[in-house]
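Accompanying notes for the structure given below.
FYI, it's all coordinate maths here, none of it is from the lab. None of these values were measured; they are calculated from a predicted model. Every residue, glycine as well, gets a Cβ built from its backbone with ideal geometry; the counts of neighbours run over all protein chains shown.
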Amino acid sequence: MQGNVSWQSPSNIALIKYWGKHGRQLPRNASISFTLSNCISTTEVEYDTGAGTFSVEFNFEGQRNDAFGSRIGKFLLSIVDKLPWIEQSAFKIASKNSFPHSSGIASSASAMSAMAMCLVDIDAQIQEMSYLDIPLASELSRLGSGSASRSVIPQLGVWGECHIEDASDDYAIPYADQVDPVFHTFHDDILIVSASEKSVSSSAGHQLMDQSVFAAARYALANDRLLALTSAMQTGDLDTFGSIVEDEALTLHGLMMCSEPSFALLEPNTLNLINAIRTYRSETNIPVYFTLDAGPNIHLLYPDSFSKQVSKWRDEVLIHFCENQRIITDQVGHGPKKLY
Ligand code: DP6
């Protein structure tokens with residue numbers, strides 16, 4: 001079978017973080033994230049499943065990229081147990097991101113989930129299925145990059161076994177229906193403190209958790225926090241939501257700084273922004289909170305009903321702590337979209 005498919009898929013921002021893994025990309029603790037809407041990857045796959053031998057050609061942002069191509073090739077061959085037709089197929093893949101390459105935004109979640117959606121779509125055509133297997137798409141995304149498992153889920157995804165029925169280490173499940181609708185309206189403005197490449201990759205960070213003296217306590221704490229966070233989200237308790245999300249972001253970076261060897265991804269302006277956010281919140285009572293990814297950039301989280309006040313303050317005050325005054329505005333979104 002020959003054809004073309006194309007999918008867009010978003011990045012996501014974790015509220016309870018995945019940090020530590022084992023086996024075949026399985027999480028040490030459960031995580032939950034907002035699926036975003038503007039930070040997306042668009043991937044097109046031209047395929048010939050009857051080629052007889054496996055080959056991949058990869059274009060990134062309009063240019064042939066053999067380094068990425070060989071990584072994608074390895075990933076594809078690593079999942080032939082899930083999709084056996086891959087082994088005999090020729091692929092021409094083109095991918096691009098809506099956000100600038102060096103914006104400090106992790107692209108693995110959007111890129112791997114867009115790729116996984118294309119593969120599951122091709123598989124559905126081969127099997128003559130009239131629906132897409134979203135748990136399989138999430139599982140394939142996970143095998144590409146753990147956090148990508150959550151990007152195929154609209155609005156709010158949970159990945160990893162926990163108190164939630166049906167939650168799995170293999171794939172993410174939807175959680176948006178269980179929470180107060182205020183959380184469907186959340187904004188995530190990404191305040192770019194630095195767009196430089198990270199000094200330590202997420203993969204290396206996950207590995208350091210294996211030797212961390214805090215490992216057992218961390219994994220237990222993450223699951224306890226997930227329980228407390230989901231209860232707060234069910235009742236629309238914004239104060240509790242914000243305090244757990246901020247503690248969790250600082251814990252992630254605390255773990256990095258306390259690992260062996262230690263590393264720090266926070267920058268002085270990350271802390272300046274955190275202080276500015278806390279001061280503004282205590283002065284105005286506006287529910288605006290921060291979280292962090294594995295990098296120095298602040299993710300500013302707030303409900304849409306406060307967007308007028310928050311965006312004014314953001315553009316007058318916070319922007320001065322951002323590299324080249326750069327801010328990427330985003331919002332909770334609806335997950336992957338098929339283009340053709
Ligand atoms: C801090 O999913 O990028 O963003 O599975 O090795 O590809 P790999 O790691 P990755 O780790 C993400 C870590 C995080 C937290 C999170 O998104 O849950």
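Structure notes:
- Residue in the range 113-125 that is more than 20 Å from Asp330 (Cα to Cα) and part of a loop (DSSP other than H, G, I, E, B) present: no
- In summary, strands (runs of 3 or more DSSP E) completely within the range 1-109 and bearing 2 or more residues that are under 16 Å from the mean Cα position of the chain (by Cα) and in contact (Cβ under 8 Å) with a residue 40 or more places away in the chain occur at 2-16, 31-48.
- Checked against the criterion of being surrounded by fewer than 14 Cβ atoms within 10 Å (Cβ to Cβ) and more than 28 Å from Ile40 (Cα to Cα), the candidates Ala220, Ala228 yield just one match: Ala220.
- Residue match in the range 28-47 (condition: farther than 18 Å from Lys338 by Cβ and among the acidic types (Asp, Glu)): no
- Among the residues of this structure, Ser98 counts as one that is away from the ligand (no atom under 16 Å from the Cβ) and hydroxyl-bearing (Ser, Thr, Tyr).
- Residue in the range 149-170 that is among the hydrophobic types (A, V, I, L, M, F, W, C), within 16 Å of the ligand (Cβ to nearest atom) and in a helix (DSSP H, G or I) present: yes
- Among the candidates Leu292, Leu300, Leu318, residue that is among the hydrophobic types (A, V, I, L, M, F, W, C), within 24 Å of Phe183 (Cβ to Cβ) and without any contact (Cβ under 8 Å) to a residue 60 or more places away in the chain: Leu292
- Residue count for the range 281-308, restricted to those that are in contact with a Phe, Trp or Tyr (Cβ under 8 Å, 6 or more places away or on another chain), surrounded by fewer than 18 Cβ atoms within 10 Å (Cβ to Cβ) and among the hydroxyl-bearing types (Ser, Thr, Tyr): 0
- When residues of the range 120-148 are limited to those that are closer than 13 Å to Pro336 by Cα and among the aliphatic types (A, V, I, L, M), the one farthest from the ligand (Cβ to nearest atom): Leu132
- If the condition is being in contact with an Asp or Glu (Cβ under 8 Å, 6 or more places away or on another chain) and within 21 Å of Ala109 (Cα to Cα), then the range 209-228 contributes only Ala222.
- Criterion applied to Ile13, Ile40 was being within 11 Å of the ligand (Cβ to nearest atom), in contact with a Ser or Thr (Cβ under 8 Å, 6 or more places away or on another chain) and among the hydrophobic types (A, V, I, L, M, F, W, C), and the one residue passing it is Ile13.
- Residue tally, condition within 14 Å of the ligand (Cβ to nearest atom) and either over 12 Å from Trp19 (Cβ atoms) or under 18 Å from the mean Cα position of the chain (by Cα) (or both), over the range 203-220: 4
- Contacts under 8 angstrom Cβ, first residue in the range 326-340 being in contact (Cβ under 8 Å) with a residue 60 or more places away in the chain and closer than 18 Å to Phe186 by Cα, partner β-branched (Val, Ile, Thr) and surrounded by fewer than 18 Cβ atoms within 10 Å (Cβ to Cβ), 6 or more apart: Ile327/Ile319; Gln331/Thr185; Val332/Thr185
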